[in-house]
Amino acid sequence: MTITQLKSPLETDAQSFYAPISRPRRLRSSDAMRRLVRENSLSANDFIYPIFVDEALKEPQEVSSMPGVFRQSEKSMEVLLKQVETAKIPAVMLFGVSAHKDHEGTDSFRKGGLMDRMVRRAKDTCPELVIMADACFCEYTDHGHCGPLDHIHNDVDNDRTIANIAMQAVTAAEAGADVIAPSGMMDGQVGAIRSALDQSGYERTAILAYAAKYASGFYGPFRDAAGCSLGQGSGPANRKTYQMDPANGDEAMREVALDIEEGADMVMVKPGLAYLDILYRTKQAFGLPTFAYNVSGEYCMIKAAGRNGWIDEDAAMMEMLLAFKRAGADGIISYAALDAANILQRS
Ligand code: PBG
Ligand code: ZN
């Protein structure tokens, strides 16, 4: 900051001889002034609300590691969808919690399977909401990986997975999904989905690609919620052969570029909080509608600290959500979306 010397220190008292020329504090002087110069804001329009639909449940059941988040039954999902619509949140992301798991995760693409029923019911309940279907297999496979295993290489079989995910996408589109959101990080998955949708007459169905998704330690509570923790059984012990290495930033740009080439309409960076640099770079470099996934671990950290009285939970949550906007996100997938929309409505 530039400083003017007003008087010599010898002639005056110590408090008055330096005065800054530039005074940013002028624009922080009142609530109205702060609102006037505010650069970013949150609104209900920014949110996508994730919903877990558990086919084994009769009543909603709270996820113990995610206070305030309930796995829904197929029926109780309707109540929650209407709350989302009333809160003016434009979109939901649906995750099935399967009781019919097998090696390939076939219930995710079977006619009459959970994906089909869940999407159809959501679209019937709230036709005006944007219904997004998370497209993956980990919630539907008995081993918990994001696609069938190739036992020779002890890894997920990439090309078999994308053949299956093409079927899953068509099943979801047929059931009424507006957006397919592939989250498995298989090579070529966006291209496979785009061509299958187009060939089946669903050229109007959009793709939100989980383009840069990292092998993160912040997914733990989600895996409790969705029942997709990796067992001790077959397959690799973690997802590092398909999800990205947290050390890499340039690689994320290549992953995003590939998904756009293959036909992604929107892209996502996941997780959000520890990857704001990736979010910023993605928006700057490609300019597509870009979303941040405020993942389960980020949500539960704030909930846990808030419950301990260590932080102001609402303030910290809103600050985190706003950070995604400031970094360039067009929207945020967040378990806090419903609470945040209600807080915004009150303020
Ligand atoms: C599954 C999937 C995961 C999440 C979204 N989709 C878990 C994973 O990759 O292990 C994580 C979401 C969260 O933690 O909130 N493909
Ligand atoms: Zn998965």
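Suppose every K and R has +1 on its Cβ and every D and E has -1 on its Cβ; what is the size of the dipole of the chain about the Cα centre, in Debye to the nearest 20?
1320
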query = From the backbone phi of the range 163-180, what are the Karplus-calculated ³J(HN,Hα) couplings (6.51 cos²θ - 1.76 cosθ + 1.60, θ = phi - 60°) in whole Hz, Gly and Pro given as x?
reply = 5, 5, 6, 4, 5, 4, 5, 5, 4, 5, 5, 4, 7, x, 5, 8, 9, 9
inquiry  = If you count only protein heavy atoms with a 1.4 Å probe, what accessible area per residue comes out for the chain, rounded to a whole Å²?
reply    = 46
task = Tabulate in residue order the Karplus-calculated ³J(HN,Hα) for the range 212-220, using 6.51 cos²θ - 1.76 cosθ + 1.60 with θ = phi - 60°, rounded to whole Hz; enter x for Gly and Pro.
result = 10, 10, 9, 6, 10, x, 8, 9, x
request  = Grab the beta carbon distance between Arg223 and Arg38, set R0 = 41 Å, and tell me the FRET efficiency rounded to 0.05.
outcome  = 0.65
inquiry  = Order Glu74, Glu298, Glu62, Glu261 by their accessible area, 1.4 angstrom probe, all chains in place, largest first.
reply    = Glu261, Glu62, Glu74, Glu298
key: Helix axis angle, 337-346 relative to the chain longest principal axis, alpha carbon, degrees   = 40
query = Expressed as an acute angle from 0 to 90° and rounded to the nearest 10, what is the orientation of the C-alpha long axis of helix 77-86 relative to the principal long axis of the chain?
reply = 30
query = HN-Hα J couplings of the range 30-43 from phi, Karplus 6.51/-1.76/1.60, θ = phi - 60°, integer Hz, Gly and Pro as x?
reply = 8, 4, 5, 5, 5, 5, 4, 9, 5, 8, 10, 8, 9, 9
Anisotropy class of the range 42-346 from Cα gyration tensor, a/c 1.5 cut = rounded
ask   = When the helices in the chain are scored as -39500 (n - 2.57) per DSSP H run of 4 or longer and the sum is shared across all residues, what 222 nm value do you end up with, to the nearest 500 deg cm²/dmol?
value = -11000 deg cm²/dmol
key: Spin-label pair Asn308/Leu258, simplified geometry with 7 Å Cα→Cβ offset, distance in nm   = 3.9
request  = Run the 1.4 Å probe and let me know the accessible area of Lys270, rounded to the nearest 10 Å².
outcome  = 20
ask   = Efficiency by 1/(1 + (r/R0)^6): what FRET value for Asp124 and His151, r their Cβ-Cβ distance, R0 = 35 Å, to the nearest 0.05?
value = 0.30
note = Scoring the range 42-346 by relative contact order with C-alpha pairs under 8 Å, at least six apart, yields a percentage of 19
Accessible-area order (highest first, 1.4 angstrom probe) of the listed residues His145, His151, His103 = His151, His103, His145
task = Normalising by the residue count of the range 80-158, find the relative contact order in percent from Cα pairs under 8 Å and 6+ residues apart.
result = 34
Listed residue (Cys126, Ile333, Gly306) projecting farthest to the positive dipole end of the chain, Cβ model = Gly306
key: Cα gyration tensor shape of the range 98-177, rounded if a/c is under 1.5, else prolate or oblate by comparing a/b with b/c   = prolate
note = The correct ranking of Phe95, Phe70 by accessible area at 1.4 Å, largest first, is Phe70, Phe95
query = List the lysines whose alpha-carbon lies under 17 Å from that of Lys58, not counting same-chain residues fewer than 8 positions away?
reply = Lys75
request  = Report, in degrees rounded to the nearest 10, the 0 to 90 angle that the Cα long axis of helix 114-125 makes with the longest principal axis of the chain.
outcome  = 60
task = For the chain, give the percent of accessible area contributed by carbon and sulfur heavy atoms, probe 1.4 Å, rounded to a whole number.
result = 51
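The values are calculated or read from the model by the stated rules, or taken from the named source; none is laboratory data. Quick caveat, the model's predicted, so the values are computed rather than measured. Using ideal geometry, Cβ is built from the backbone for each residue, glycine included, and neighbour counts are taken over all protein chains shown. Quick note on the areas: whole protein, heavy atoms, side chains included, nothing else; ligands and nucleic acids left out. Shrake-Rupley method; radii C 1.70, N 1.55, O 1.52, S 1.80 Å.
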